[in-house]
Amino acid sequence: MRRVWSAILLAVVAAAGEADFKPGEGWQPLFNGKDLAGWKNVGRYRSEWRVENGVLANPVESDNLHTEKEFEDFELHLEFKLPKGGNSGVFLRGCKEVQVFDSFGKQKLAEDDCGGIFGKLPPRVNASKPPGEWNTLDITIVGRRITVVLNGKTTVDGQVVNGVTGGQINEEEDKPGPLMLQGDHSAVWYRNLWIKPLPKSGAARVK
């Protein structure tokens, strides 16, 4: 019984840690929790993006949403929630999509599963939480090298991703571009969006 309670306690602590992101020096908020200032919609649908209780909400299939600012190399933190069967994505520089998908419980992972690079790389592990629960996503992009950490587990480990991934709004993969949230596939909710721009790192950049 003691082991069972210890395991439960560890799980609770881990979950609390995931939700308790504390931005340090250099981090900038992408969402103010009040309105859509700093964001633009793009796509073929009418935008349904809105703010609900401090959450960036897309309650039905809608347009995509992207930042007005452009970024090149950066670290990114955000949290997301999906309904059952939900499908979204986070486009880095507006052209490389980190997949956000209801992959909970899947055994065989593909390039369209959560935490992978759409059309390029499947996630190394399935770290997805059940539909309706909040997930944490931490991404680093330097040059064409991308690292993705989903709920504390590394799903893409500093791998080079060449080419755009489809659905892009920026064809120049090596130039700054906006951060885009996909809303044209299903409902999705985002919160706690932070970015830390990184200086160009010379030899560390991979093209």
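The values are calculated or read from the model by the stated rules, or taken from the named source; none is laboratory data. Everything quoted here is computed from the prediction, not taken from an experiment. Glycine also receives a Cβ, built like all others from the backbone with ideal geometry; neighbour counts cover every protein chain displayed.
Out of everything in region 73-92 that is of a type outside the set (A, V, I, L, M, F, W, C) and in contact with a Leu (Cβ under 8 Å, 6 or more places away or on another chain), what residue ends up being nearest to K200 (Cα to Cα)?
D73
Being on the phi < 0 side of the Ramachandran plot and not polar (S, T, N, Q) is the filter here, so list the residues in region 75-88 that pass it.
Across region 75-88, the qualifying residues are E75, L76, H77, L78, E79, F80, K81, L82, P83, K84, G86.
Suppose we filter K129, K108, K96 for residues that are on the phi < 0 side of the Ramachandran plot, of a type in the set (K, R) and in contact with a Ser or Thr (Cβ under 6 Å, 6 or more places away or on another chain); which single one remains?
The unique qualifying residue is K96.
Taking the criterion of being touching a residue at least 24 places away in the same chain (Cβ under 8 Å), of a type in the set (A, V, I, L, M, F, W, C) and part of a loop (DSSP other than H, G, I, E, B), would at least one residue in region 147-160 satisfy it?
No, the conditions are met nowhere in region 147-160.
What residue, among those in region 51-67 that are in a strand (DSSP E or B) and touching a Gly at 6+ places or on another chain (Cβ under 9 Å), is surrounded by the fewest Cβ atoms within 10 Å (Cβ to Cβ)?
In this case the residue turns out to be V51.
Here's a check for you: in region 81-104, which residue that is more than 13 Å from S186 (Cα to Cα) and among the hydrophobic types (A, V, I, L, M, F, W, C) is modelled with the lowest pLDDT?
F104
Between a residue in region 56-76 that is within 16 Å of G38 (Cα to Cα) and acidic (D, E) and any residue that is at pLDDT 95 or above and in a strand (DSSP E or B), which pairs come within a Cβ distance under 8 Å, given they are 6 or more apart or on different chains?
So the pair list comes out as E68/W39; E70/G177.
Keeping to region 79-121, report how many residues are over 19 Å from V55 (Cβ atoms) and surrounded by fewer than 18 Cβ atoms within 10 Å (Cβ to Cβ).
The number of residues fulfilling the criteria is 10.
G183 fails exactly one of the following numbered conditions: (1) assigned to a loop (DSSP other than H, G, I, E, B); (2) surrounded by fewer than 21 Cβ atoms within 10 Å (Cβ to Cβ); (3) out of contact with any Lys or Arg (no Cβ under 9 Å at 6 or more places or on another chain). What is the number of that condition?
(2)
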